[in-house]
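Everything below concerns the one structure shown next.
Nothing in this text is a laboratory measurement; each read-out follows from the coordinates by a stated rule. As the structure is a prediction and not an experimental result, all values here were calculated from the model. Here the Cβ positions follow ideal geometry from the backbone for every residue, glycine too, while neighbour counts run over all protein chains shown.
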Amino acid sequence: MLENCKILKNECIGESYNRVVFSAPGICPKVKPGQFVHVQIANLREKILRRPFSICDVGKKGELTVIYKVVGEGTAVLATLPAETECSIMGPQGIPFSIPAKNEIPVIVAGGYGSAATYILAKNSPVPGKILMGARTSADLLLTDEFRKTGFEVLLATEDGSAGEKGYVTKLLETIIANPPSGNIRYYGCGPHGMLMSMGKMLVQNGLDGELSIDHLMCCGIGACYACVVKVKDETRIDGWRYARTCKEGPVFSAKNIFHD
């Protein structure tokens, strides 16, 4: 659906990260973990394309929270917008994560601001699990305290060793796979494309599956332009794969269905 949403709060929460909260009472009740919204940023009229943002959280009164990093013109303009500014928002969009069952332990692997995109999943999990959070430096780790408040165990990895284990977050995943917690485990991933491809291969090679939120650049956000495609397995094709639109057929895919060259 389309909704004109006023900004309630737009604040800096780190060196390069901001949190914006919209009033979106029409969209919020429909949101499921892993979905995104497509935002027409006010004061950016010469740029007609909307910007996709993962949904971090929704409130009971229709508050929709997005955490974003200032990386280009669109997010730079968004960071300047004050409260009461109105933006047109389309959403919620995309295939969501599956909520774990009551007898499943969720293990979330989040790289960078993939932690923001999976926070609502942790909040909606019937039982707490583990989140393996990775980033370049400690300054890029987001929502660690918020995840702990949900009951999740937070395990950290940074490339420079400034917090947690030094190295990639997939090292933490290797440890979990080798020494899994007792019970049924459900794996989830969200983060940079390279991390997700490594995670997918790791799960499949160990006879496991998981749900991966593929982070891809999007244009139309409704499946019309085919600019955000990713390779998925397709046994009906001669070469065994086809292109799937991350905005329409994703962003969440089964690790077993992702095609690896």
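If you check A83 against the conditions, is it among the small types (G, A, S), assigned to a loop (DSSP other than H, G, I, E, B) and more than 18 Å from S213 (Cβ to Cβ)? Full working, then the answer.
On the way: among the small types (G, A, S): yes; assigned to a loop (DSSP other than H, G, I, E, B): yes; more than 18 Å from S213 (Cβ to Cβ): yes.
Yes, satisfied.
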| For E211, all conditions in the list (1) more than 19 Å from P92 (Cα to Cα); (2) part of a strand (DSSP E or B); (3) charged (D, E, K, R) hold save one; what is the number of the exception? | (1)
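Within segment 1-22, restricting attention to residues that are among the charged types (D, E, K, R) and out of contact with any Lys or Arg (no Cβ under 6 Å at 6 or more places or on another chain), which residue is farthest from L141 (Cα to Cα)?
Step one: filter segment 1-22 for residues among the charged types (D, E, K, R), giving 3, 6, 9, 11, 15, 19.
So of that shortlist, the ones also out of contact with any Lys or Arg (no Cβ under 6 Å at 6 or more places or on another chain) come out as 3, 6, 9, 15, 19.
Details: E3: 31, K6: 28, K9: 21, E15: 11, R19: 14 Å.
Among them, the one singled out is E3.
Please work out which residue is farthest from G111 (Cα to Cα), limiting yourself to segment 145-167 and to residues that are part of a loop (DSSP other than H, G, I, E, B) and touching a helix residue (DSSP H, G or I) at 6+ places or on another chain (Cβ under 7 Å). Break it down into steps so the answer makes sense when it comes.
Pass one, segment 145-167, residues part of a loop (DSSP other than H, G, I, E, B): 150-152, 159-164, 167.
The next check asks that each one be touching a helix residue (DSSP H, G or I) at 6+ places or on another chain (Cβ under 7 Å); those that pass are 150, 152, 162-163.
On the way: T150: 19, F152: 16, S162: 15, A163: 14 Å.
Ranking the qualifying residues of segment 145-167, first place goes to T150.
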| Here is a list of conditions, (1) without any contact (Cβ under 8 Å) to a residue 60 or more places away in the chain; (2) of a type in the set (A, V, I, L, M, F, W, C); (3) surrounded by 20 or more Cβ atoms within 10 Å (Cβ to Cβ); (4) farther than 19 Å from L143 by Cα, and A76 meets all of them except one; can you say which number that is? | (3)
| message | So, in segment 178-208, how many residues would count as being farther than 17 Å from V230 by Cβ, out of contact with any strand residue (DSSP E or B) (no Cβ under 9 Å at 6 or more places or on another chain) and either surrounded by 14 or more Cβ atoms within 10 Å (Cβ to Cβ) or not aliphatic (A, V, I, L, M) (or both)? | response | 5
